[in-house]
Amino acid sequence: MDTSLRERIKNCTAHRKSREEYQRYILANPSEFPGLVAFGFEVSDKDSHKACWILEFVAYKRLDWFVPQLDFICENLSRLDDESSIRPLAKICQLLVGAHFTVGSKITLSESQLQKITEASFDWLIGDFKVASKAYSMRTLFILGKHSNWILPELKDVLEKGFHEHTAAYKAAAREILKKLAKIP
């Protein structure tokens, strides 16, 4: 990644307008995308989470750009330890998995990539993370579980066991998933 882009990203703020500005820049300069992905996983850099924020916004417009980066992303999900990086990556995983299982989608994940996303999603769901990361993770796992028999019983068990220990927002997301799980024979 170009040093000037790295410095610009460090100036990104959590404000939606700021993230959208950087999203537009990346969309207009697709050659910068691989560097943005790499920066998002530089966990030793205190500003790497800002790249993750931008990646999430790019995913809404150009999820297909992630395809050449999938091996790298999936291999490195477990390295993330900052909530500000995990939340956007959990959302990106949800988008990728949803697209993978959508008929006619150009997004195809390998079994290894699906496994890495499954592992990261369970880690984020049971780990000490905020509600948004957990909610995206449970939704990702629900989608994955419709295609892999062992996931749904595990997901149900995790949601039921931890239900009363969490916030109202967590309970609302868990209730949504548990309701869907109850409809599956």
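Structural remarks
- Residue in the range 115-138 that is over 26 Å from L178 (Cβ atoms) and hydrophobic (A, V, I, L, M, F, W, C) present: no
- In summary, helices (runs of 4 or more DSSP H) completely within the range 121-183 and bearing 3 or more residues that are out of contact with any Leu (no Cβ under 6 Å at 6 or more places or on another chain) and within 22 Å of R79 (Cα to Cα) occur at 131-145.
- Any hit, the range 100-107, residues being of a type in the set (S, T, Y), under 16 Å from R139 (Cα atoms) and without any contact (Cβ under 8 Å) to a residue 40 or more places away in the chain: yes
- When residues of the range 165-180 are limited to those that are in contact with a Lys or Arg (Cβ under 9 Å, 6 or more places away or on another chain) and under 12 Å from R139 (Cβ atoms), the one surrounded by the most Cβ atoms within 10 Å (Cβ to Cβ): A174
- Any hit, the range 56-66, residues being at pLDDT 95 or above and closer than 25 Å to D128 by Cα: yes
- Matching option when the condition is farther than 19 Å from A99 by Cβ and under 13 Å from the mean Cα position of the chain (by Cα), among N11, N76: N76
- Selection within the range 30-58 - in contact (Cβ under 8 Å) with a residue 24 or more places away in the chain and either assigned to a loop (DSSP other than H, G, I, E, B) or among the aromatic types (F, W, Y) (or both): F33, F39, F41, V43, D47, W53, F57
The values are calculated or read from the model by the stated rules, or taken from the named source; none is laboratory data. As the structure is a prediction and not an experimental result, all values here were calculated from the model. Neighbour counts are summed over all protein chains in view; Cβ atoms, including those assigned to glycine, are modelled from backbone coordinates with ideal geometry.
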